[in-house]
Amino acid sequence: MTAFKQETHNVDFCVVGGGMAGLCAAIAAARHGSKVVLMHDRPVFGGNASSECRVHICGADRHNHVKNMRETGILEEFRMENLYRNPNRNFSIWDSILYEKVLAEPSITPLLNCSCLNAEMDGYSLRTVTGWQLTTQTYHTVHARIFADCSGDAVLAPLTGAEFRIGRDARSEYGESIAPPEADARTMGMTCLFQSRKYDTAQQFIPPEWAHRYDTCDALPYGPRGHRWWQMGYWWIELGGEHDSIHDTETLRDELLRITYGVWDHIKNRCPNRTEVQNWALDWIQFLPAKRESRRYVGEYVLTQNDIESGGPFEDIVAYGGWSMDDHHPAGFEAVKIGAPATVFHHGPSPYGIPYRCLYSRNIVNLMFAGRDASCSHAAMSSTRVMGTGCSMGQAVGVAAAIAVTKGLSPAEIDNHVPELQQTLIHDDAYLPGHKQAFSELLTRATLTSSQGDPEPVRNGMNRPVGDDLNGWTCRPGDWIAYEFQATTDVKHVTVVLDSGLDQNVALSYHQKDNPLTSPPDVMPKAFRIEGLNGGKWDELIRVEQNHQRLCRFPIESSLNGVRVLLDETWGSETSRIYAFYLD
C-alpha cells in the first residue's frame with residue numbers, strides 16, 4: 001500500500017508533454033469537444049521555447065527566408081497575444097501566456113510537474129498512463145481513449161512496446177543521399193544557452209574553477225567570427241550526439257555548463273576583441289539542456305529526405321515544414337577538434353507537406369505523436385524537429401483525435417476521413433499548402449461587394465498570401481466589405497481572417513536580430529465593426545477596439561439579409577488586408 005496520494009482521471013484524450021507541439025494538440029482537441037489531460041514534467045509549458053530553455057520558435061518562414069510561410073493557427077494566436085502583451089519579450093510573461101491559454105479551456109486538466117513513468121496496456125491498445133507529480137507527491141493515473149506523446153523523448157515508446165528508432169538510418173534504407181553509409185546510434189546533441197545584458201559600467205567576470213578554459217578563438221567552433229555576437233548564447237555549445245541522448249543527460253548538462261562558462265570567460269577575459277564586451281555581464285544560464293533528438297516513433301509512414309526535397313505532395317497532408325535539413329554533427333562542440341563543421345544545412349523547399357500517416361503509431365492502435373518524436377528518418381527529422389513545424393503537427397494531432405473520439409474511431413481509421421480533418425484545420429486557420437477552404441453554396445452564391453477594390457479573394461479559399469498571389473482584399477480605414485443574401489438567412493458565426501504581417505519575423509528573445517516584430521503588426525486591423533442587414537438597415541452587431549489576432553470568430557445567432565465588416569483603424573499602416581470573410 002503506497003503512502004502517497006493517488007488520483008484517477010477519465011478523459012477522451014491524454015497528451016504527454018506540454019512543449020509547443022503538446023500544447024497545440026491539447027488545445028485543438030479541447031476546442032473540438034474532447035475532454036483532455038495535459039501531463040507535463042516541468043513547472044511551465046512551452047518546452048524548449050519556455051523560460052527554462054529560451055530557444056526561438058523556428059519553422060517554415062525562418063531559415064530559407066521565404067516570405068508568408070509563418071505557421072498560422074494556434075501558434076499564430078500565441079505569438080500575436082505575446083506581441084500585444086509582452087513588448088519587452090520577457091520569457092516569464094511568455095510562460096504565463098501559454099499557461100493561461102491552457103487554463104482558458106475548461107475541458108483541459110493540466111498536470112504540471114508530473115513525469116510520466118508507467119503505462120498499462122490491453123493488447124496493442126494503451127489503457128492508462130501514470131505520472132508522478134513531484135510538487136504534490138501524487139500519482140496521477142489517466143484513462144483515455146486516445147493518447148498523444150509529445151514529450152520529445154517518446155517516453156511512451158519503451159512503456160508500451162511502440163516501435164521506435166534512435167540514431168541515423170543507413171543511406172540504403174530510404175535512398176537518402178545525406179544519410180551515412182551505415183546506420184548508427186548517433187544523434188544530434190543538446191545545447192545550453194546563455195543571455196547577457198549590457199550595463200553602463202565595466203563588468204568583471206570571474207569564472208568558476210570548474211569551467212573549461214579556451215585561450216584562443218580557434219579553440220571554439222567557427223573561430224574568431226563564431227562568437228562575435230554574444231548577447232544570447234550559441235547553439236553550437238552542444239553535446240550528446242555520441243552519447244545516450246536520454247540517459248546521459250545529467251552528465252552532459254554538467255559538461256555543457258563547463259563549456260558555457262568557459263566560452264563566456266574567453267569572450268570576457270581572453271578574446272582579442274574583449275574590449276567590445278567590457279560592459280556586458282551574464283544575465284541567465286540555461287540549466288535544462290535543450291534537446292534536438294532522441295527516440296523517433298515508427299508510424300504508418302516514415303517521412304524521408306526525398307519526401308522533403310519533392311515538396312511532400314501527399315494527399316493526406318495535415319501539416320507542413322520548411323526549415324532546412326539542419327543536421328548537427330554528433331560530436332557537437334567537439335567537432336572543432338576534428339575539423340568538422342558543427343552543422344550542415346541541406347536545402348529543402350519551403351513549404352513541404354507532412355502526411356497524417358506520420359502522426360500515429362503503426363503498432364499501438366490508439367497512440368499518436370507530434371514534434372521531434374514523429375515518424376521521420378533522421379535526415380527528415382533534422383528539419384521537422386523545429387518547434388514551428390511541431391506546432392503544425394500538434395494541432396493536426398489534436399483535431400484528428402477529437403474527430404476520432406466523436407466518431408468512435410482509432411487514429412488509423414481517420415485515414416478515411418482526411419478531407420474532413422483537412423477542412424477542420426483550415427477552418428481553424430491552419431495552413432495546408434495546396435489546399436483551399438471549402439465554403440457553402442449559400443456563401444458562394446451570396447452577393448459580395450466592397451467600398452473599393454476587388455472583394456472576391458476573401459472567398460477564394462486561400463487565406464494567406466502565396467507566392468505572388470495576395471489572396472486578400474486590400475482596404476483602408478473607412479472601407480467596408482459586405483455579403484447580401486437573396487433571402488433572410490440564419491447566421492451563427494462570422495469569421496474574418498486578418499492581416500498579421502506574415503512576411504515579418506516574430507521574436508521571443510529581446511536580443512533576437514532580423515528586425516522582428518515587437519508589437520502587433522502595423523498592418524493588422526486594430527478596430528473594426530461587424531454589422532447585420534435587417535429590413536434594409538445596417539445595425540451594429542460587434543464592435544472590436546483592441547484587436548490583435550489574425551483569426552477572429554464571433555457568435556451572431558441572428559436571422560439577417562446581409563453581413564458586413566467595416567475597418568476603423570489599423571495598428572499604424574495606411575492599408576491592411578482581409579484574407580477571408582465567411583459565415584457559418
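The values are calculated or read from the model by the stated rules, or taken from the named source; none is laboratory data. Not measured: the values here are computed from a predicted model. Ideal geometry is used to build each Cβ from the backbone, glycine not excepted, and the neighbour counts take in all protein chains shown.
Of everything in the range 162-176, what is in contact with a strand residue (DSSP E or B) (Cβ under 7 Å, 6 or more places away or on another chain) and either modelled with pLDDT under 95 or on the phi > 0 side of the Ramachandran plot (or both)? Give them in sequence order. Correct list: 167 only. Picking from residues in the range 278-300 that are over 28 Å from residue 247 (Cα atoms) and in contact with a strand residue (DSSP E or B) (Cβ under 8 Å, 6 or more places away or on another chain), the one that is surrounded by the most Cβ atoms within 10 Å (Cβ to Cβ) is 280.
Condition check: surrounded by fewer than 18 Cβ atoms within 10 Å (Cβ to Cβ), in contact (Cβ under 8 Å) with a residue 40 or more places away in the chain and closer than 20 Å to residue 276 by Cβ. Does residue 224 satisfy that?
Answer is yes for this residue.
Among the residues of the range 235-293, which ones are of a type in the set (Phe, Trp, Tyr) and part of a loop (DSSP other than H, G, I, E, B)? Of everything in the range 235-293, those that are of a type in the set (Phe, Trp, Tyr) and part of a loop (DSSP other than H, G, I, E, B) turn out to be 235, 236, 287.
Mind listing just one residue for me: the one in the range 106-124 that is under 30 Å from residue 77 (Cα atoms) and not hydroxyl-bearing (Ser, Thr, Tyr) and, of those, surrounded by the most Cβ atoms within 10 Å (Cβ to Cβ)? Applying the filter and picking the extreme gives 114.
Which residue is surrounded by the most Cβ atoms within 10 Å (Cβ to Cβ), if the candidates are limited to the range 454-474 and must be among the small types (Gly, Ala, Ser) and modelled with pLDDT of 95 or more?
Let us first name the residues in the range 454-474 that are among the small types (Gly, Ala, Ser), namely 461, 467, 472.
Filter once more, so that each one left must be modelled with pLDDT of 95 or more: 461, 472.
On the way: 461: 16, 472: 24.
Of everything passing the filter in the range 454-474, 472 is surrounded by the most Cβ atoms within 10 Å (Cβ to Cβ).
Restricted to the range 499-584, the set of strands (runs of 3 or more DSSP E) holding at least 1 residues that are of a type in the set (S, T, N, Q), under 26 Å from residue 469 (Cβ atoms) and modelled with pLDDT of 95 or more comprises 551-570, 576-583. Restricting the range 90-105 to residues that are touching a helix residue (DSSP H, G or I) at 6+ places or on another chain (Cβ under 8 Å) and in contact (Cβ under 8 Å) with a residue 60 or more places away in the chain, the residue that is surrounded by the most Cβ atoms within 10 Å (Cβ to Cβ) is 94.
Of all residues assigned to the range 516-523, at least one qualifies as being within 19 Å of residue 453 (Cα to Cα), of a type in the set (A, V, I, L, M, F, W, C) and touching a residue at least 12 places away in the same chain (Cβ under 8 Å). Considering the range 321-359, the residues that are assigned to a strand (DSSP E or B) and touching a helix residue (DSSP H, G or I) at 6+ places or on another chain (Cβ under 6 Å) include one that is surrounded by the fewest Cβ atoms within 10 Å (Cβ to Cβ), namely 326.
Let's see how each residue does on (1) out of contact with any strand residue (DSSP E or B) (no Cβ under 7 Å at 6 or more places or on another chain); (2) assigned to a helix (DSSP H, G or I); (3) small (Gly, Ala, Ser):
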site	(1), (2), (3)
410	yes, no, yes
436	yes, no, no
439	no, no, no
444	yes, yes, no
458	no, yes, no
461	yes, no, yes
471	no, no, no
487	yes, no, yes
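All conditions but one from (1) under 19 Å from the mean Cα position of the chain (by Cα); (2) surrounded by fewer than 24 Cβ atoms within 10 Å (Cβ to Cβ); (3) hydroxyl-bearing (Ser, Thr, Tyr) apply to residue 136; the one that does not is (1).
Just to be sure, is residue 185 surrounded by fewer than 22 Cβ atoms within 10 Å (Cβ to Cβ), of a type in the set (A, V, I, L, M, F, W, C) and not assigned by TED's automatic domain parsing to the domain that holds residue 269? Here the answer is yes, as residue 185 does meet what is asked.
When restricted to residues that are assigned to a strand (DSSP E or B), closer than 22 Å to residue 408 by Cα and either of a type outside the set (Phe, Trp, Tyr) or at pLDDT below 95 (or both), the range 120-148 contains 14. Considering (1) buried (at least 18 other Cβ atoms within 10 Å of the Cβ); (2) more than 22 Å from residue 371 (Cα to Cα), the lone condition that residue 127 does not fulfil carries the number (1).
Any residue that is over 25 Å from residue 365 (Cα atoms) and either touching a Pro at 6+ places or on another chain (Cβ under 6 Å) or not aromatic (Phe, Trp, Tyr) (or both) - is there at least one of those in the range 110-126? Yes, the range 110-126 has at least one match.
Scanning the range 180-208 for residues that are assigned to a loop (DSSP other than H, G, I, E, B) and in contact with a His (Cβ under 7 Å, 6 or more places away or on another chain) turns up 188, 189.
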